[in-house]
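A short worksheet on the structure shown next.
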Amino acid sequence: MKPENSGPDAPGDVERPVQPDNSDLEAPAPAEAGFLNNNNRDQRPEIGPQGETFPVARGQPLRAGQRHAAAPPAGESARGNDPVYGALDLGTNNCRLLVARPSRRGFRVVDAFSRIIRLGEGVSQTGRLSDQAMARTMEALGVCADKLHRHHVARSRMVATQACRIAANGPAFVNSVRENFGLDIEVLTPEIEARLAVAGCATLIDPDADMVLVFDIGGGSSEIIWLDMTRLGARRDLLSGRSDVNDAIVAWESLPVGVVTLAENFGGRNVTPESFAAMSDAVTQLLAPFEAAHHFRERLAERSVHLLGTSGTVTTIAGVLLGLDRYDRKRVDGIWLNVPDIDDVTARLLAQSYEERVMQPCIGRERADLVLAGCAILDAILKLWPAERLRVADRGLREGILMRLMMEDGVWRAGRRRRGRSRRSSDRFSA
C-alpha cells in the first residue's frame with residue numbers, strides 16, 4: 001500500500017535539503033535540466049525594479065539594507081563570491097522557493113522548498129484568507145526565510161498571486177509576513193505573472209513551431225498566453241537566452257479560475273462525468289470572449305502548433321501516464337504528451353473514486369480532490385484549441401524570476417539549444 005501523501009508535493013519529500021546539482025537550467029531534456037533531486041517536487045516587457053532583501057529566520061526580521069550579524073556580506077556564498085539568488089512563489093495552493101547561483105548554461109539550484117498550503121482555500125466563497133490557511137502559510141514561509149538566510153542570498157524576488165490579489169485581507173497578510181520574517185512579498189499583476197511564466201519555461205518551446213500556447217493552471221487563476229514564433233524571424237535560434245521571447249507574445253488572458261476555486265464550486269472529491277463536463281463547460285465560457293477577440297482557432301489552420309503546460313495538472317498527468325512509483329521530476333520535465341494519451345489518463349482518473357486517486361503515487365491525498373478540476377480546465381483548453389501534442393514543464397514562475405534577476409545583473413549565461421530534439425513528438429516519452 002502506498003502512503004497517503006505520496007504525491008508530487010508530499011510533505012515528507014519537499015522539506016528535505018536539496019543537494020547542489022551539477023547540471024544547469026537550460027537544456028530541454030529532463031535528464032539534463034537538473035533542478036532538484038528526485039525526491040523533491042516543485043510545482044509567471046519589463047517586470048519592474050528588483051530590490052535587495054535579507055530574509056531571516058522566524059523572530060529575526062530584517063529590512064532591506066540590513067545585514068544579520070552572523071551573515072557574510074550580501075551575496076557571498078559557501079563557494080566563495082558567487083552571487084546567490086532566490087525566488088519565492090506564494091500561490092493559491094502552493095508555497096515554492098528556489099535558491100540558485102549562475103552557471104555556464106543558466107543557473108544551478110542549490111536549495112529548494114515546496115509545500116501545499118492552500119492559502120486560497122475558501123476565498124472564492126468568503127472573499128478573505130482564513131486564519132487556518134494563513135497559519136499554514138506562515139509556517140511554510142518560516143522555512144523559506146531560514147533557507148534564504150542560510151544561503152546568504154544576494155538578491156531575491158518574492159511574489160504572491162491570485163489568492164492575495166483578490167482577498168480583502170491580502171494586503172494585511174503580506175504586511176504581517178514582512179513584519180515577522182522581513183520577506184517583502186510583491187503581489188503580481190496577472191500580466192506580469194503570465195510573462196514570467198513564459199520566461200521560466202521558454203527553453204522548452206519547439207523553435208520549429210509557428211505558434212505555441214503556454215498555459216499555467218494555478219490554484220486560483222489560470223494564465224493563457226499565445227506566442228507567434230514567426231515574429232522572431234531569424235532570432236528563433238537565439239531563444240536559448242530567452243531575452244526576446246516576450247516579442248512573440250500576441251495575446252494573453254488570466255482566467256479567474258483554478259483547481260482550488262473550481263473544485264470548491266463543483267466538488268472535487270466525488271466527480272461524475274456530468275460534473276466534470278459542467279466544470280469543463282464553465283471554463284469554456286470563460287475562454288470564449290478571449291477566443292472571440294483573437295480568433296486563434298482560425299489562425300491555427302495549416303500552421304505548426306504545440307501546447308506548453310507549466311502546472312501541477314500536466315505534471316501529474318505525465319506522472320500517471322508514465323506509471324511512476326514515485327514522482328520523478330527528471331522523467332517528467334520536458335516530456336512530450338500526445339493529446340489522446342491525456343484524454344486516456346483523464347478518463348482513468350474520472351473512473352476512480354477519491355480514495356483510489358489518493359493511492360496514486362503521483363497524486364496523493366493533497367491533490368486527490370483537485371486533480372480532476374485541473375483536468376477539466378485542460379479539457380476546455382484542448383477542445384477550444386485542438387493540438388496533437390503538449391509539452392510538460394516542471395518549471396515556471398520561479399525560474400522566470402531567477403532568469404530575469406540574473407539578466408539584470410549581467411550574470412545570465414545560457415548556451416545554444418541543441419538541434420535535432422524538437423521533432424521527437426512521435427515518442428510520447430521523449431523529450
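The values are calculated or read from the model by the stated rules, or taken from the named source; none is laboratory data. Just so we're clear, the structure is a prediction, and the values are computed from it rather than from any experiment. Neighbour counts are summed over all protein chains in view; Cβ atoms, including those assigned to glycine, are modelled from backbone coordinates with ideal geometry. The area values use the complete protein model at the heavy-atom level, side chains included, leaving out ligands, DNA and RNA. Shrake-Rupley method; radii C 1.70, N 1.55, O 1.52, S 1.80 Å.
What the Cβ-Cβ distance of Arg413 and Gln132 gives, at R0 = 56 Å and to the nearest 0.05, is a FRET efficiency of 0.80. The stretch 94-169 and the stretch 280-357 have Cα centres separated by 25 Å. Scalar couplings 3J(HN,Hα) for the stretch 267-274, obtained by applying the Karplus form with A = 6.51, B = -1.76, C = 1.60 to θ = phi - 60°, are x, x, 7, 9, 9, 9, x, 5 Hz; x denotes Gly and Pro.
Proximity of backbone amide H atoms, modeled 1.01 Å from N, is registered between Phe107 and Leu25 at under 5 Å, excluding neighbours fewer than 5 places apart on the same chain. Apolar share of the accessible surface for the stretch 270-346: 50 percent from carbon plus sulfur atoms, 1.4 Å probe.
Per the 1.4 Å probe, what fraction of the accessible area of the stretch 135-262, in percent, lies on carbon and sulfur atoms? Please report the intermediate quantities before stating the final value.
Values: 1720 of 3530 Å².
Answer for the stretch 135-262 is 49 percent, counting heavy atoms of protein chains only.
Peptides 196-204, 123-131, 164-172, 298-306: what's the order by average Cβ count within 10 Å, highest mean first?
Values: 196-204: 26.3, 123-131: 16.3, 164-172: 18.1, 298-306: 13.9.
The peptides rank, most packed first, as 196-204, 164-172, 123-131, 298-306.
Scalar couplings 3J(HN,Hα) for the stretch 117-126, obtained by applying the Karplus form with A = 6.51, B = -1.76, C = 1.60 to θ = phi - 60°, are 10, 6, 4, x, 4, x, 5, 5, 9, 9 Hz; x denotes Gly and Pro.
Accessible surface for the stretch 246-294, divided over its residues, is 45 Å² per residue with a 1.4 Å probe. Here the peptides 315-322, 177-184, 87-94 are ranked by packing, the mean other Cβ count within 10 Å, and the order with the highest first is 87-94, 315-322, 177-184.
Could you work out the relative contact order of the stretch 290-396, using alpha carbon pairs under 8 angstrom and six or more residues apart, expressed as a whole percent? Write out the running numbers ahead of the final one.
Numbers: 116 pairs, mean separation 50.1, N = 107.
Relative contact order of the stretch 290-396: 47 percent.
What shape does the stretch 274-342 take by its C-alpha gyration tensor, where a ≥ b ≥ c are the square roots of the eigenvalues and a/c under 1.5 counts as rounded, a/b above b/c as prolate, and the rest as oblate? Oblate.
At R0 = 41 Å, how high is the FRET efficiency between Ala168 and Ala293 if r is their beta carbon distance? Nearest 0.05 is fine.
Result of the calculation: an efficiency of 0.85.
Label separation (Tyr354 vs Asn270): 0.9 nm, computed from points 7 Å beyond Cα along the C-beta direction.
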